[in-house]
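Where a number appears in this text, it was derived from the coordinates with a stated rule and is not lab data. Note that this is a predicted model, so its numbers are computed, not measured. All Cβ positions, even for glycine, are placed from backbone atoms using ideal geometry, and neighbour counts span all protein chains on display.
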Amino acid sequence: MMPLPDTLESAAGLDLHMHSTASDGALSPRALVALCHARGVTHMALTDHDTVAGLAEASVEAQRLGVRLLPATELSVQWQGMTLHVVALLPEGASTAMREALAAQARARIARGEEIARRLEQIGLDDALSRARAQADSERPLGRPDFARALVEAKLVPDMATAFKKHLGAGKRGDVKAHWPYLSTALGWIHESGGVAVLAHPLRYGLTRRKRGLLLDAFATAGGESAELISGFQNPDMTRDLARQLQERGLHGSLGSDFHFPGGHLAPGSMSPAPRGAPSPVWCHPALAAFAG
Ligand code: AMP
Ligand code: MN
Ligand code: MN
Ligand code: MN
């Protein structure tokens with residue numbers, strides 16, 4: 001296998017942000033790895049929300065197909081009253097302490113699901129918890145997409161986008177976020193595991209450029225190493241501006257599709273190109289040398 005290039009703009013066959021049925025993705029870990037392989041993705045990270053439960057299955061398939069798989073998870077955290085996502089790239093896997101923390105994340109997610117259900121029952125989604133469970137079609141902790149699908153199924157909204165816009169998105173009734181750990185706590189788990197912390201999709205928090213700069217300052221100051229320069233498809237002017245914000249703070253750039261399910265506009269390995277002169281790739285961080293080489 002070719003080593004990865006040392007610039008983001010020449011990267012191909014790489015995707016460091018994807019989901020499987022271990023969280024809110026549609027494909028099993030095995031099927032996701034197979035799809036990556038079929039699409040020419042040679043280096044991948046499986047980043048299920050708040051869990052590493054899909055990694056064992058994914059790694060068997062990755063070995064079989066010769067795909068390089070980086071253990072990872074996408075952590076839900078709180079910072080200044082907002083919910084943020086942090087991709088933990090974990091070349092040595094999750095430490096014992098981090099596994100315990102992930103078990104606590106699962107419990108937080110379960111308690112949060114019960115509260116979301118209570119709140120959605122107030123707007124007419126009877127038996128909200130069992131309806132969301134039916135949508136998930138598994139025993140994993142529920143996420144907002146499961147409730148969004150339940151709202152669509154019950155014909156309370158026409159589609160997922162409306163479910164989030166009206167009931168589950170930031171600041172809406174079903175946006176329950178009280179239980180997530182602080183950003184600094186999550187960074188502690190990642191570093192204690194020998195991993196690298198990547199701020200996920202910094203353009204998707206609805207922040208002004210100034211506030212995004214403050215977030216990146218706080219992230220770097222707390223020891224975060226990287227942020228996603230590219231998340232799926234995004235405006236090239238926004239990308240260039242974000243590249244500058246990362247470079248100013250010495251943050252490495254990462255990239256990923258944030259793929260959840262086939263049939264939409266996203267696919268493993270497909271995303272906007274990085275501009276020239278972008279920040280140093282996250283895989284040039286010394287902790288990821290074995291993955292990149
Ligand atoms: P949760 O992890 O339970 O907080 O749910 C967040 C997940 O909901 C994200 O990872 C996305 O997969 C999904 N999501 C967030 N916003 C939207 C939206 N507007 N439309 C569809 N899915 C969304
Ligand atoms: Mn998701
Ligand atoms: Mn996310
Ligand atoms: Mn994601």
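Details
- Placing a pseudo-label 7 Å from each Cα along the Cα-to-Cβ vector at Met238 and Asp137 gives an inter-label distance of 3.1 nm.
- Estimated D of the chain in µm² per second, where Rh is the Kirkwood radius over Cα pairs and Stokes-Einstein applies at 10 °C, 1.306 mPa s: 82
- Charged side chains reduced to their Cβ positions (Lys and Arg at +1, Asp and Glu at -1) give the range 185-293 a dipole of some 360 debye around its Cα centre.
- By the helix-only formula, in which each DSSP H run with n ≥ 4 contributes -39500 (n - 2.57) and the sum is divided by residues, the chain has a 222 nm mean residue ellipticity of -11500 deg cm²/dmol.
- With at most 16 neighbouring Cβ atoms within 10 Å, loop GluC sites (Glu not before Pro) (DSSP) excluded, longest segment of the chain: 140-293
- On Cα atoms only, tilt of 144-153 relative to the major axis of the chain in degrees: 50
- Rounded to the nearest 10 degrees, the angle from helix 183-192 to the longest Cα principal axis of the chain is 50 degrees.
- Relative to the longest principal axis of the Cα atoms of the chain, the long axis of helix 209-221 makes an angle of roughly 70 degrees.
- Inverting the pair-averaged 1/r between distinct Cα atoms of the range 104-168 gives 11.5 Å as its Kirkwood hydrodynamic radius.
- Placing R0 at 30 angstrom, the Cβ-Cβ distance between Phe261 and Met1 gives a FRET efficiency of 0.60 after rounding to 0.05.
- Simple rule: put +1 on each Lys or Arg Cβ and -1 on each Asp or Glu Cβ in the chain, find the dipole, and look at Gln63, Pro281, Phe261; the Cα lying farthest toward the positive end is Phe261.
- All Cα pairs of the range 74-187, percent lying beyond 18 Å: 52
- With R₀ set to 35 Å, the beta-carbon distance separating Glu9 from Ala218 gives a calculated FRET efficiency near 0.80.
- Here the label points at Glu153 and Ser270, each 7 Å from Cα along the C-beta direction, are separated by 2.8 nm in the simple model.
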